[in-house]
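Asks: Structure in C-alpha coordinates, see below.
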Amino acid sequence: MNSKFFLRPATMSDADCLLEWRNDIVTRQASLSPERVEVASHLKWLKSTIHNEHRKLCIAELNHRAVGTIRADKDKDKDGWILSWTVAPKSRGKGIAQKMLNAFIQGFDGVLLAQIKATNIASQKVAERAGFTLIEKSEGDDLYHYHRVCRA
Ligand SMILES: CC(C)(COP(=O)(O)OP(=O)(O)OC[C@H]1O[C@@H](n2cnc3c(N)ncnc32)[C@H](O)[C@@H]1OP(=O)(O)O)[C@@H](O)C(=O)NCCC(=O)NCCS
(Lines give C-alpha, C1' and ligand atoms only; values in the text may rest on other atoms or scores of the structure.)
Protein backbone atom coordinates (compact mmCIF):
# COMPACT_ATOMS: atom_id res chain seq x y z
CA MET A 1 0.00 0.00 0.00
CA ASN A 2 1.28 3.51 -0.82
CA SER A 3 1.68 5.64 2.30
CA LYS A 4 0.00 9.02 2.17
CA PHE A 5 1.97 11.87 3.76
CA PHE A 6 1.00 15.54 3.81
CA LEU A 7 1.14 18.77 5.83
CA ARG A 8 -1.95 20.72 6.77
CA PRO A 9 -2.53 23.82 8.91
CA ALA A 10 -3.07 23.08 12.63
CA THR A 11 -6.52 23.68 14.15
CA MET A 12 -7.85 23.76 17.70
CA SER A 13 -8.66 20.04 17.33
CA ASP A 14 -4.90 19.39 17.41
CA ALA A 15 -4.55 20.97 20.86
CA ASP A 16 -4.23 17.70 22.80
CA CYS A 17 -1.59 16.06 20.68
CA LEU A 18 0.41 19.28 20.29
CA LEU A 19 0.53 19.70 24.09
CA GLU A 20 1.49 16.05 24.61
CA TRP A 21 4.35 16.33 22.08
CA ARG A 22 5.45 19.69 23.54
CA ASN A 23 5.68 18.31 27.07
CA ASP A 24 7.49 15.14 26.05
CA ILE A 25 10.85 15.09 27.84
CA VAL A 26 12.93 14.65 24.66
CA THR A 27 11.13 17.58 23.01
CA ARG A 28 11.78 19.74 26.05
CA GLN A 29 15.46 18.82 26.11
CA ALA A 30 15.76 19.86 22.44
CA SER A 31 13.79 23.07 22.93
CA LEU A 32 15.09 26.58 23.62
CA SER A 33 12.28 26.88 26.21
CA PRO A 34 12.42 23.58 28.11
CA GLU A 35 9.80 24.28 30.80
CA ARG A 36 6.52 22.28 30.86
CA VAL A 37 3.55 24.07 29.32
CA GLU A 38 0.20 24.11 31.15
CA VAL A 39 -3.11 23.43 29.37
CA ALA A 40 -4.53 26.95 29.77
CA SER A 41 -1.49 28.74 28.35
CA HIS A 42 -1.20 26.16 25.56
CA LEU A 43 -4.82 26.74 24.47
CA LYS A 44 -4.29 30.50 24.54
CA TRP A 45 -1.08 30.15 22.50
CA LEU A 46 -2.70 27.83 19.94
CA LYS A 47 -5.71 30.09 19.49
CA SER A 48 -3.54 33.13 18.85
CA THR A 49 -1.15 31.12 16.66
CA ILE A 50 -3.92 30.03 14.32
CA HIS A 51 -4.80 33.69 13.68
CA ASN A 52 -1.22 34.97 13.56
CA GLU A 53 -0.01 35.81 10.07
CA HIS A 54 3.59 35.84 11.34
CA ARG A 55 3.42 32.20 12.39
CA LYS A 56 2.65 29.08 10.38
CA LEU A 57 1.87 25.92 12.33
CA CYS A 58 1.41 22.66 10.40
CA ILE A 59 0.53 19.12 11.33
CA ALA A 60 2.06 16.23 9.40
CA GLU A 61 -0.26 13.32 8.69
CA LEU A 62 0.82 9.88 7.60
CA ASN A 63 -2.03 7.65 6.52
CA HIS A 64 -4.48 10.03 8.25
CA ARG A 65 -2.65 9.94 11.60
CA ALA A 66 -0.96 13.02 13.07
CA VAL A 67 2.75 12.16 13.30
CA GLY A 68 4.46 15.50 13.85
CA THR A 69 4.41 19.25 13.67
CA ILE A 70 6.47 21.94 11.98
CA ARG A 71 6.30 25.64 12.79
CA ALA A 72 7.68 28.77 11.15
CA ASP A 73 7.94 32.05 13.09
CA LYS A 74 8.63 35.27 11.23
CA ASP A 75 11.90 36.73 12.44
CA LYS A 76 11.64 40.53 12.57
CA ASP A 77 15.38 41.15 12.68
CA LYS A 78 16.62 38.72 10.07
CA ASP A 79 13.89 38.98 7.44
CA GLY A 80 13.30 35.24 7.45
CA TRP A 81 11.26 32.52 9.14
CA ILE A 82 12.62 30.43 12.01
CA LEU A 83 11.64 26.80 11.63
CA SER A 84 11.20 24.25 14.38
CA TRP A 85 9.82 20.74 14.30
CA THR A 86 8.78 17.86 16.54
CA VAL A 87 7.97 14.30 15.62
CA ALA A 88 5.34 12.51 17.74
CA PRO A 89 7.25 10.33 20.23
CA LYS A 90 5.68 7.11 18.85
CA SER A 91 6.62 8.05 15.27
CA ARG A 92 10.31 8.82 15.82
CA GLY A 93 13.10 6.91 14.11
CA LYS A 94 11.24 6.59 10.79
CA GLY A 95 12.42 9.62 8.84
CA ILE A 96 9.30 11.72 9.53
CA ALA A 97 11.24 14.92 10.33
CA GLN A 98 12.92 14.76 6.90
CA LYS A 99 9.57 14.32 5.19
CA MET A 100 8.11 17.29 7.12
CA LEU A 101 10.99 19.57 6.28
CA ASN A 102 11.03 18.62 2.61
CA ALA A 103 7.26 19.09 2.34
CA PHE A 104 7.38 22.49 4.08
CA ILE A 105 10.18 23.75 1.85
CA GLN A 106 8.35 22.70 -1.30
CA GLY A 107 6.50 25.75 -2.49
CA PHE A 108 7.95 28.04 0.20
CA ASP A 109 9.32 31.34 -1.07
CA GLY A 110 11.74 33.10 1.26
CA VAL A 111 14.51 32.60 3.78
CA LEU A 112 14.31 29.83 6.38
CA LEU A 113 16.40 29.68 9.52
CA ALA A 114 16.80 26.94 12.11
CA GLN A 115 18.47 26.98 15.52
CA ILE A 116 19.50 23.50 16.58
CA LYS A 117 21.22 22.43 19.78
CA ALA A 118 24.75 21.07 19.33
CA THR A 119 23.62 17.80 20.91
CA ASN A 120 20.68 17.32 18.49
CA ILE A 121 22.55 15.36 15.80
CA ALA A 122 19.38 13.90 14.24
CA SER A 123 17.95 17.39 13.57
CA GLN A 124 21.29 18.66 12.23
CA LYS A 125 21.33 15.74 9.76
CA VAL A 126 17.74 16.39 8.74
CA ALA A 127 18.40 20.13 8.18
CA GLU A 128 21.55 19.50 6.15
CA ARG A 129 19.79 16.93 3.97
CA ALA A 130 16.99 19.43 3.37
CA GLY A 131 19.57 21.85 1.94
CA PHE A 132 20.23 24.03 4.98
CA THR A 133 23.73 25.45 5.46
CA LEU A 134 25.38 25.80 8.85
CA ILE A 135 26.21 29.51 9.12
CA GLU A 136 27.17 29.96 12.77
CA LYS A 137 27.89 28.09 15.97
CA SER A 138 27.12 30.26 18.99
CA GLU A 139 29.45 29.32 21.80
CA GLY A 140 27.55 30.37 24.94
CA ASP A 141 24.36 28.41 24.28
CA ASP A 142 25.80 25.64 22.07
CA LEU A 143 23.39 26.45 19.26
CA TYR A 144 23.95 25.75 15.58
CA HIS A 145 22.37 28.28 13.22
CA TYR A 146 21.20 27.06 9.83
CA HIS A 147 20.02 28.97 6.78
CA ARG A 148 18.28 28.15 3.50
CA VAL A 149 16.93 30.30 0.71
CA CYS A 150 13.82 28.80 -0.89
CA ARG A 151 12.30 29.77 -4.19
CA ALA A 152 8.83 28.50 -5.03
C1 LIG B 1 15.02 15.01 16.46
C2 LIG B 1 13.78 14.51 15.74
C3 LIG B 1 13.10 15.69 15.06
C4 LIG B 1 14.22 13.50 14.69
O5 LIG B 1 13.10 13.10 13.93
P6 LIG B 1 12.97 11.66 13.24
O7 LIG B 1 12.23 11.81 11.97
O8 LIG B 1 12.43 10.69 14.22
O9 LIG B 1 14.49 11.36 12.88
P10 LIG B 1 15.17 9.96 12.64
O11 LIG B 1 15.24 9.18 13.91
O12 LIG B 1 14.50 9.34 11.48
O13 LIG B 1 16.66 10.41 12.34
C14 LIG B 1 17.04 11.23 11.25
C15 LIG B 1 18.48 10.85 10.91
O16 LIG B 1 19.30 11.14 12.02
C17 LIG B 1 19.97 9.95 12.47
N18 LIG B 1 20.04 10.00 13.91
C19 LIG B 1 19.04 9.90 14.81
N20 LIG B 1 19.52 10.03 16.05
C21 LIG B 1 20.86 10.19 15.93
C22 LIG B 1 21.94 10.37 16.85
N23 LIG B 1 21.72 10.43 18.16
N24 LIG B 1 23.18 10.51 16.35
C25 LIG B 1 23.42 10.47 15.05
N26 LIG B 1 22.46 10.30 14.10
C27 LIG B 1 21.20 10.17 14.56
C28 LIG B 1 19.09 8.82 11.97
O29 LIG B 1 19.83 7.62 11.88
C30 LIG B 1 18.64 9.38 10.64
O31 LIG B 1 19.68 9.26 9.70
P32 LIG B 1 19.65 8.08 8.59
O33 LIG B 1 18.47 8.39 7.73
O34 LIG B 1 20.95 8.23 7.92
O35 LIG B 1 19.51 6.80 9.34
C36 LIG B 1 12.78 13.82 16.72
O37 LIG B 1 13.47 12.86 17.45
C38 LIG B 1 12.12 14.79 17.68
O39 LIG B 1 11.01 15.24 17.42
N40 LIG B 1 12.81 15.11 18.78
C41 LIG B 1 12.28 16.07 19.77
C42 LIG B 1 12.11 17.47 19.21
C43 LIG B 1 13.30 17.99 18.45
O44 LIG B 1 14.45 17.62 18.64
N45 LIG B 1 13.01 18.93 17.55
C46 LIG B 1 13.99 19.61 16.76
C47 LIG B 1 14.39 20.91 17.42
S48 LIG B 1 15.45 21.81 16.34
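Asks: On the basis of being among the charged types (D, E, K, R), within 29 Å of Ser13 (Cα to Cα), surrounded by 14 or more Cβ atoms within 10 Å (Cβ to Cβ) and touching a residue at least 12 places away in the same chain (Cβ under 8 Å), does Arg71 make the cut?
Replies: Values: among the charged types (D, E, K, R): yes; within 29 Å of Ser13 (Cα to Cα): yes; surrounded by 14 or more Cβ atoms within 10 Å (Cβ to Cβ): yes; touching a residue at least 12 places away in the same chain (Cβ under 8 Å): yes.
Taking the combined requirement at face value, the residue satisfies it.
Asks: Among the residues of the range 87-137, what is the count of those that are out of contact with any Lys or Arg (no Cβ under 8 Å at 6 or more places or on another chain) and on the phi > 0 side of the Ramachandran plot?
Replies: Number of matching residues: 4.
Asks: While we're looking at this one, here's another question. Collect the residues in the range 34-63 that are open to solvent by 50 Å² or more (accessible area, probe 1.4 Å) and within 16 Å of the chain's Cα centre (by Cα), keeping them in residue-number order.
Replies: Across the range 34-63, the qualifying residues are Pro34, Trp45, Ile50, His54, Arg55, Lys56.
Asks: Inspect all residues belonging to the range 40-51 and state whether any of them is free of Cβ contacts under 8 Å to residues at least 60 places away in the same chain and assigned to a loop (DSSP other than H, G, I, E, B).
Replies: Checked the range 40-51: at least one residue is free of Cβ contacts under 8 Å to residues at least 60 places away in the same chain and assigned to a loop (DSSP other than H, G, I, E, B).
Asks: Please determine whether any residue of the range 69-84 is among the hydroxyl-bearing types (Ser, Thr, Tyr), within 12 Å of the chain's Cα centre (by Cα) and in a loop (DSSP other than H, G, I, E, B).
Replies: no
A quick yes/no check of all residues on (1) in contact with a Phe, Trp or Tyr (Cβ under 8 Å, 6 or more places away or on another chain); (2) closer than 28 Å to Thr11 by Cα; (3) among the hydrophobic types (A, V, I, L, M, F, W, C); (4) in a strand (DSSP E or B):
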position	(1), (2), (3), (4)
Thr86	yes, yes, no, yes
Lys94	no, yes, no, no
Asn102	no, yes, no, no
Ala122	no, yes, yes, no
Lys125	no, no, no, no
Leu134	yes, no, yes, yes
His145	no, no, no, yes
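Asks: Could you tell me which numbered condition Ala130 fails, if it satisfies all but one of (1) within 13 Å of the ligand (Cβ to nearest atom); (2) free of Cβ contacts under 8 Å to residues at least 60 places away in the same chain; (3) under 19 Å from Trp21 (Cα atoms); (4) open to solvent by less than 20 Å² (accessible area, probe 1.4 Å)?
Replies: Ala130 satisfies all of (1) within 13 Å of the ligand (Cβ to nearest atom); (2) free of Cβ contacts under 8 Å to residues at least 60 places away in the same chain; (3) under 19 Å from Trp21 (Cα atoms); (4) open to solvent by less than 20 Å² (accessible area, probe 1.4 Å) except (3).
Asks: With respect to Ala66, is the statement that it is closer than 21 Å to Lys99 by Cβ and among the small types (Gly, Ala, Ser) true?
Replies: Considered against the rule, which asks whether it is closer than 21 Å to Lys99 by Cβ and among the small types (Gly, Ala, Ser), Ala66 comes out as yes.
Asks: Could we say that Asn120 is more than 16 Å from Ser31 (Cβ to Cβ) and either more than 8 Å from the ligand (Cβ to nearest atom) or touching a helix residue (DSSP H, G or I) at 6+ places or on another chain (Cβ under 6 Å) (or both) here?
Replies: Details: more than 16 Å from Ser31 (Cβ to Cβ): no; either more than 8 Å from the ligand (Cβ to nearest atom) or touching a helix residue (DSSP H, G or I) at 6+ places or on another chain (Cβ under 6 Å) (or both): yes.
Against the criterion (more than 16 Å from Ser31 (Cβ to Cβ) and either more than 8 Å from the ligand (Cβ to nearest atom) or touching a helix residue (DSSP H, G or I) at 6+ places or on another chain (Cβ under 6 Å) (or both)), Asn120 does not qualify.
The values are calculated or read from the model by the stated rules, or taken from the named source; none is laboratory data. This one's a predicted model, so the numbers in the text were calculated from it and none came from an experiment. Heads up, the Cβs are rebuilt from the backbone with ideal geometry, glycines too, and the neighbour counts pull from every protein chain shown. Surface areas here come from the heavy atoms of the whole protein model, side chains and all, with no ligands, DNA or RNA. Shrake-Rupley method; radii C 1.70, N 1.55, O 1.52, S 1.80 Å.
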